[in-house]
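Below is one structure, written out as structure tokens; the observations come after it.
The values are calculated or read from the model by the stated rules, or taken from the named source; none is laboratory data. In this text, all values refer to a predicted model and were calculated from it rather than measured experimentally. Ideal geometry is used to build each Cβ from the backbone, glycine not excepted, and the neighbour counts take in all protein chains shown.
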């Protein structure tokens, strides 16, 4: 627990601002992500919007030597998909856009799935179940609950619907650093792991696969794909543990009816 940074009210206010700005990025992006656009065009739009329109910093750029402001993960790509000038979104694709934003020294992290054109029934189901699973996990968050409660809720719901939960990648604490303690696994047992306290901030970002949960990294050193080449989906929000529950710091306007905090 000593490694977990409990945020002060001033820090929470700054994180809330970063989260609200990141929600605006996705609002603008909704008009941009469409059939035929390249993932690099999406990257460049987001960079301009964060830097010029919002006067903020894309926190992923330069992190661990990464050159871009977002990850664009299409179909069998689980996470860390690299933007490309040549990769166009095609009819039937599902794509996750994962973006981080830093303002006044504090970082927010969120991702959203987009369905391009006419997607298959299984693709639509995977996207929907992954989103619902994320919210099942978020709903567990309150002081005295555990990180295992979050993971168990996500795993149970995903497997009930015939899908599997990626093991190798997880949510994480976040604040002045993109990756802080604790790790938030998206599988596990109730009452296990770290006990949640007010002032904790972390991401919930389940990666759910159509087939096996096993993954592999491509030779580029970034892109992670499903071993069986079946589909994968992911959604993500940055969460604050409050005195009596949670606050979704990256909540988008269309989600307000879903948020029970």
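Number of residues in the stretch 75-94 that are surrounded by 22 or more Cβ atoms within 10 Å (Cβ to Cβ) and either in a strand (DSSP E or B) or more than 18 Å from the chain's Cα centre (by Cα) (or both): the value is 5. Within the set 72, 110, the sole residue that is within 15 Å of the chain's Cα centre (by Cα), over 20 Å from residue 258 (Cα atoms), at pLDDT 95 or above and surrounded by 21 or more Cβ atoms within 10 Å (Cβ to Cβ) turns out to be 72.
Checked against the criterion of being farther than 22 Å from residue 153 by Cβ, in contact (Cβ under 8 Å) with a residue 24 or more places away in the chain, surrounded by fewer than 17 Cβ atoms within 10 Å (Cβ to Cβ) and over 15 Å from the mean Cα position of the chain (by Cα), the candidates 220, 244 yield just one match: 220.
Tell me whether the stretch 95-102 contains one or more residues that are touching a residue at least 24 places away in the same chain (Cβ under 8 Å), more than 19 Å from residue 204 (Cα to Cα) and in contact with a strand residue (DSSP E or B) (Cβ under 8 Å, 6 or more places away or on another chain). Step through it out loud before you land on a result.
The first filter runs over the stretch 95-102 and keeps only residues touching a residue at least 24 places away in the same chain (Cβ under 8 Å), leaving 95-102.
Pick out the ones that are also more than 19 Å from residue 204 (Cα to Cα) and you get none.
No: zero hits.
Inspect the stretch 59-66 for any residue being at negative phi and free of Cβ contacts under 8 Å to residues at least 60 places away in the same chain and give the result as yes or no. Give the steps one after another, and end with the answer.
We begin by selecting, within the stretch 59-66, every residue at negative phi; these are 59-61, 63, 66.
This time we only want the ones that are free of Cβ contacts under 8 Å to residues at least 60 places away in the same chain, so: 61.
There is at least one residue in the stretch 59-66 that is at negative phi and free of Cβ contacts under 8 Å to residues at least 60 places away in the same chain.
Residue check: is residue 23 part of a helix (DSSP H, G or I), in contact with a helix residue (DSSP H, G or I) (Cβ under 7 Å, 6 or more places away or on another chain) and closer than 27 Å to residue 176 by Cβ? Spelling it out, it is not the case that residue 23 is part of a helix (DSSP H, G or I), in contact with a helix residue (DSSP H, G or I) (Cβ under 7 Å, 6 or more places away or on another chain) and closer than 27 Å to residue 176 by Cβ. Tell me whether the stretch 115-123 contains one or more residues that are under 25 Å from residue 254 (Cβ atoms), part of a helix (DSSP H, G or I), in contact (Cβ under 8 Å) with a residue 40 or more places away in the chain and more than 12 Å from the chain's Cα centre (by Cα). For the stretch 115-123, residues under 25 Å from residue 254 (Cβ atoms), part of a helix (DSSP H, G or I), in contact (Cβ under 8 Å) with a residue 40 or more places away in the chain and more than 12 Å from the chain's Cα centre (by Cα): present.
Screening residue 145 with (1) without any contact (Cβ under 8 Å) to a residue 60 or more places away in the chain; (2) more than 15 Å from the chain's Cα centre (by Cα); (3) closer than 18 Å to residue 207 by Cβ gives one miss only, at (3).
Note on the stretch 1-32: residues that are touching a strand residue (DSSP E or B) at 6+ places or on another chain (Cβ under 6 Å) and surrounded by fewer than 14 Cβ atoms within 10 Å (Cβ to Cβ) amount to 1.
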